[in-house]
Amino acid sequence: MLCFSPVWEGKRALTSIDLQADAQLRQRRAKGPSGRSSLHKLMRRKSTLAFLMTLPLLTLMIGLVAYPTGFAIYLSMLDRTTTRFVGLANFAYLVGRDRFWMIVYQTCLFAIAAVLLKAFLGFVAAHLVHNLPAKGQRKWRGMLLVPWVIPAAMSVLGWRLLFEPSFGAFNWILEHLGMDRIMWLGEDGWARFSVILVTVWFGAPFFMVMYLASLKSVPEELYEAASIDGATWWQRIRYVTLPMMRNIIAITMVFSVIGSFAGFTIVTVLTNGGPLGATQVLATSAFLTGIMGGHLPLGASISLFMVPVLAAAAIYILRGIAKRGSEV
C-alpha cells in the first residue's frame with residue numbers, strides 16, 4: 001500500500017506553481033509590454049522615428065507637388081474653355097503635330113548634350129582639384145562654384161551681352177582674329193549651341209562638387225595597389241575611380257536630366273525659344289501655349305508629356321544603382 005506525505009505533496013505543488021509563474025513571466029517579457037509600453041517601443045524604432053521626422057516634408061511635398069500634378073492631369077482633359085471634358089483629345093492633337101515632335105527632339109538634344117558635357121567637364125575639374133594641395137583645393141573649389149551660385153537669370157543676361165552681334169565680346173574677339181561675325185542667337189545652329197554652352201557653364205559646378213566629394217571617399221590604397229601592378233593613369237581612372245564613383249555619377253545624371261528637361265530660365269532669357277522656335281523646349285512651349293496663348297489645357301498636356309519619359313529614365317538608372325549595391 002503506497003503512502004504519500006502531505007508535506008511532500010505541498011512542496012511539489014508550490015514548486016509547480018513557482019515554475020508556472022516563472023514561465024509566464026519570461027513569456028511576458030519575451031513578448032514585450034502591451035498598451036502604453038507597446039506604443040513606447042514603436043516610437044523607439046528607427047523607421048518610425050524617421051517617418052515622423054520626415055512627415056512635415058512629406059506633407060509639404062503633397063501640397064506643392066502632388067496636388068498641382070493632379071490638377072494638371074485634370075486640366076489636360078478639358079477643352080480650351082475648361083468647361084467640357086474631352087479626355088485624351090489634347091494629347092492626340094499634340095502627337096499629330098510635326099512642330100510638337102520638333103520641340104521634343106530639341107528638348108532631348110539639349111538635355112543629352114548638356115548632361116554629357118556637364119558630367120565630363122565636372123569629372124575633369126573634380127579630378128584636377130582633387131590632386132591639388134589642400135590650400136589650393138579651397139581656392140579653386142570656391143572659384144569654380146561661382147557659376148552655380150549666381151542666379152540663373154542674372155548670369156544668362158551676362159551671356160546674352162557676350163553673344164550680342166554688334167558689340168558683344170565674342171564677335172569683338174573674332175573680328176580681331178580676322179574672322180567674320182557670328183549671329184550667335186540669330187541662326188538655328190548657333191542658337192542651339194549657345195543654349196547648350198550656357199547650360200553646361202551653369203550646371204558643371206554641381207557635377208564638380210559631387211564628384212569631388214566622391215573622389216575623397218576612394219581609398220588611396222586602391223591607387224597604390226594599381227600603381228604597383230603597373231597601371232597607367234587612364235587604367236587607374238577606368239578600373240578604380242569610375243567603378244567607385246558609378247553610383248554618384250548615375251544620381252547626378254538623373255537630377256541633371258530632370259533639370260534639363262524642365263529647364264525654362266536659360267532658354268527664356270537667352271533666346272525666348274527663337275529664332276523661329278529653333279530653341280523651343282517643352283517647358284517654354286507649355287508656358288507660351290498655356291499662359292501666353294491662353295490654352296491652359298493644352299499647356300498642361302505639354303508639361304505632362306515629359307513625365308513618363310523622365311520617370312522611365314529615373315527608374316532605369318536607380319534600379320541599376322540598387323542592383324549594383326546588392327552585388328557589393
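The numbers here are math on the coordinates, done by the rules we state, and not lab data. No experiment lies behind these values; they were computed from the predicted model shown. Methodologically, a virtual Cβ is constructed for each residue, glycine included, from the backbone with ideal geometry; neighbour enumeration extends over all protein chains shown.
Tabulated results
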| read-out | value |
| --- | --- |
| Cβ-Cβ FRET estimate between residue 61 and residue 124, R0 fixed at 41 Å, reported to 0.05 | 0.70 |
| Contour minus Cα-Cα distance for residue 177 and residue 149 (0.36 nm per residue) | 6.8 nm |
| Lys, Arg +1 and Asp, Glu -1 on Cβ, resulting dipole of the stretch 74-151 about Cα centre, debye, nearest 20 | 380 |
| Cα lying deepest toward the dipole's positive end in the stretch 98-327, options 295, 262, 100, charges on Cβ | 262 |
| Amide H contacts under 5 Å for residue 78, placed H, 5+ residues apart | 86 |
| Prolate/oblate/rounded call for the stretch 83-213, Cα gyration tensor, a/c under 1.5 rounded | oblate |
| Formal net charge of residues neighbouring residue 298 (Cβ-Cβ distance under 10 Å; K, R +1; D, E -1) | 0 |
| Calculated FRET value between residue 157 and residue 313, using beta carbons and R₀ = 25 Å, to 0.05 | 0.20 |
| Label-point gap, in nm, between residue 54 and residue 232 - each point 7 angstrom along Cα→Cβ | 4.5 |
| Relative packing of 140-146, 256-262, which averages over residues the other C-beta atoms within 10 Å, highest first | 256-262, 140-146 |
| Debye log10 I(q)/I(0) for the stretch 190-328, one point scatterer per Cα, at q = 0.10, 0.13, 0.20 Å⁻¹ | -0.51, -0.74, -1.18 |
| Gain upon complete extension [residue 98, residue 83; 0.36 nm per residue less C-alpha separation] | 2.6 nm |
| Equivalent ellipsoid, the stretch 98-327 (semi-axes from 5 times Cα gyration tensor eigenvalues, Å) | 36, 25, 14 |
